[in-house]
Amino acid sequence: MESIWNKTAKPAPRPSLPGDLRTQAAVIGGGMAGILTARLLQDSGVETVVLEAGRMGGGQTGNTTAKVTAQHGAVYGRLIRELGRDAALQYADAQVRAIGAYEELIRKLDISCGWRRLPAWLATAGDPAPMEEEAAAAQELGLPARFLPRPELPFPASAGVELPDQALFHPLEFLSGAARGLTVYENTRVTQVEGNRVVTLLGTVEAKSVIFACHFPFLRLPGYFFLRMHQEHSYILALENAPPPPAMVYTVDPGGLSLRPWGDSLLVGGAGHPAGQNSAGGRYRELVSLARQYWPGCREAARWSAQDCMTLDGVPYIGEFSPSHPGWYVATGFGKWGMTNSMAAAMILRGRITGQPVPWEGVFSPGRFRLSPSAKTLAEHTVQAAKGLGRRFLVPPRALVEQLPPGHGGIVEVDGEKLGVYKNDAGEFFAVDPHCPHLGCQVEWNPDEKSWDCPCHGSRFDHLGRLLDGPAQEGLPTAP
């Protein structure tokens with residue numbers, strides 16, 4: 001299932017790494033964060049190469065809803081309460097400056113990407129008080145937010161918050177323009193980093209600075225990011241004949257929706273769940289049902305899904321990868337707000353590498369651990385990871401292979417052995433070892449995507465076991 005972005009604009013192919021080379025900075029990952037970081041470094045006089053495992057923009061950048069906004073859900077009241085006003089002010093300032101930096105880069109490079117300014121709305125169908133509090137918190141931090149009594153939406157909304165002059169664009173058109181003149185090597189998977197040596201199957205890149213901008217860092221040590229993040233999966237429809245609201249919309253209620261216009265289409269996202277927890281399926285069906293209810297007569301033009309890295313305290317990890325590895329940097333954990341946080345990451349990392357001051361890098365420091373907001377999230381994530389590992393040894397297979405219906409997969413028993421088996425519509429079986437190569441957790445079948453998803457850290461594999469998303473670096477072994 002292909003996103004509306006991939007259907008309408010794919011970046012031109014780039015060559016693979018031709019062999020060993022040296023450079024000043026090596027960026028691992030050719031998505032929005034990686035390309036922006038390379039762009040700012042190169043423009044600052046730092047020779048930079050980008051190493052991308054697949055195609056540039058082929059990961060989460062091609063699956064985003066591409067809202068360029070400083071309104072990240074009901075974030076500012078929470079940040080003030082949990083992290084303090086100074087940290088919340090840094091976060092807000094970084095997002096606002098990121099929007100301006102996009103506009104400046106688009107103008108400088110003359111990028112045609114449908115850039116458009118419009119408001120962003122939060123909305124709720126519940127108690128209006130939290131929206132009033134969020135509007136006041138945003139105003140306290142200098143954002144021009146205002147409380148919205150009963151915003152006009154096609155579904156019930158009792159209150160909301162408006163943040164004017166936000167933006168949207170076509171992410172892959174922008175990425176192609178931003179990457180002009182950069183050295184990008186595609187189909188060049190990094191397998192290891194040893195000091196200042198970045199190792200791939202096609203050669204080694206030596207660099208003074210190494211930037212991990214690959215969504216979820218694949219190295220377990222140092223950094224321990226696999227203990228400090230989990231991934232969440234969500235689903236998106238592109239609808240025709242669905243009149244868009246006058247703003248980008250994000251509803252804060254459980255099971256809420258994300259809306260944004262694109263041309264004559266309306267993008268509707270939602271039906272999310274933690275990665276690896278969708279064995280019952282029906283997520284697209286849920287969105288289609290809501291779409292028909294709220295926009296009668298609409299027609300589905302595309303459907304796809306996205307996956308987001310979530311940190312313990314809801315703030316990305318951007319900066320030094322680990323004190324034990326000087327010269328390594330990381331940008332990860334953007335949550336559902338990868339556009340502004342990608343630009344913020346690029347500005348922070350450019351500052352760290354070139355020695356330019358960055359006034360708000362403290363709130364994003366990867367070395368932080370704030371006990372109060374992080375403890376509950378860490379406990380929940382630890383329990384989920386333990387369940388994933390425990391399935392390998394304690395949970396029995398759920399069915400015999402013959403009981404699988406066509407077009408479905410599951411953990412089954414074959415000759416007394418637990419396997420992941422997919423049965424296609426022709427009745428053919430495809431079996432894999434169901435243990436994620438990242439840390440050995442048992443994967444789960446996602447019927448909406450026809451994929452094997454890891455409930456521990458979010459690695460994903462297609463029905464044949466081929467790797468779709470990390471942090472795993474290899475696919476699932478096939479079985480007879």
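The values are calculated or read from the model by the stated rules, or taken from the named source; none is laboratory data. Here the structure is a predicted model, which is why all the values come from computation and not from measurement. Ideal geometry is used to build each Cβ from the backbone, glycine not excepted, and the neighbour counts take in all protein chains shown. All accessible areas refer to the heavy atoms of the entire protein, side chains included, with ligands and DNA or RNA removed. Shrake-Rupley method; radii C 1.70, N 1.55, O 1.52, S 1.80 Å.
Across the stretch 221-237, rounded Karplus estimates of 3J(HN,Hα) from the backbone phi angles (6.51 cos²θ - 1.76 cosθ + 1.60, θ = phi - 60°) give 10, x, x, 6, 5, 5, 8, 10, 9, 9, 10, 10, 10, 9, 10, 9, 10 Hz, Gly and Pro being marked x.
With each run of n ≥ 4 DSSP H residues scored as -39500 (n - 2.57), what mean residue ellipticity at 222 nm is computed for the chain after dividing by its residue count and rounding to the nearest 500 deg cm²/dmol? Each step should come with its number before you reach the end.
Working: 10 runs with 126 residues, N = 480.
Per the formula, -8500 deg cm²/dmol.
Which of the trypsin sites (Lys or Arg not before Pro) across the stretch 164-245 are loop residues per DSSP, with 11 or fewer other Cβ within 10 Å? For trypsin sites (Lys or Arg not before Pro) across the stretch 164-245 that sit outside H, G, I, E and B with at most 11 neighbouring Cβ atoms in 10 Å, the list reads 180. Close amide-amide hydrogen proximity is noted between residue 22 and 206, each under 5 Å apart and 5 or more residues distant or on a separate chain (H modeled in the peptide plane; Pro and chain starts excluded). Along the chain, counting only GluC sites (Glu not before Pro) with a DSSP assignment other than H, G, I, E or B and at most 16 other Cβ atoms inside a 10 Å radius, the longest segment between sites is 153-427. Find the centroid of the Cα atoms in the stretch 222-294 and in the stretch 138-204, then give the distance between the two in whole Å. Distance between centres, Cα-based: 16 Å. Each of [x] 11; [y] 19; [z] 32 is a candidate for percent of Cα pairs over 44 Å apart; the one calculated from this structure is [x].
Applying 1/(1 + (r/R0)^6) with r as the Cβ-Cβ distance of residue 324 and residue 273 and R0 = 51 angstrom yields a FRET efficiency of 0.90. With all pairs of different C-alpha atoms in the average, the Kirkwood value for the hydrodynamic radius of the stretch 69-185 is 15.7 Å.
With the simple spin-label model, which puts each label point 7 Å out from Cα in the Cβ direction, the residue 132 to residue 227 separation comes to 4.4 nm.
Overall dimensions of the stretch 1-59, expressed as equivalent-ellipsoid semi-axes from the Cα gyration tensor (√(5λ), whole Å, largest first), are 24, 14, 9. Helices assigned as whole DSSP H runs in the chain whose Cα atoms extend at least 24 Å along their own long axis and whose mean Kyte-Doolittle hydropathy is -1.0 or higher are found at 85-109, 371-393. With the simple model of a label 7 Å out from the Cα in the direction of the Cβ, residue 240 to residue 110 spans 3.3 nm.
Taking amide H as placed 1.01 Å from N in the peptide plane, the amide H of residue 189 sits under 5 Å from that of 201, each at least 5 places away or on another chain. A convex hull fitted around the alpha carbon atoms of the stretch 1-149 yields 173 Å³ per residue. Database remark: amide H of residue 448 closer than 5 angstrom to the amide H of 282 (H placed geometrically; neighbours at sequence offset of 5 or more, or on other chains; Pro and chain starts carry no H). Annotation: per residue accessible area for the chain equals 40 Å², rounded to a whole number [probe 1.4 Å, protein chains only].
By DSSP, the beta bridges lying fully in the chain are antiparallel in about 75 percent of cases. Spatial offset of the stretch 66-87 relative to the stretch 425-472 amounts to 34 Å, using the alpha carbon center of each. Here the extension length gained between residue 286 and residue 204 equals 24.8 nm, from 0.36 nm per residue of separation less the Cα-Cα distance.
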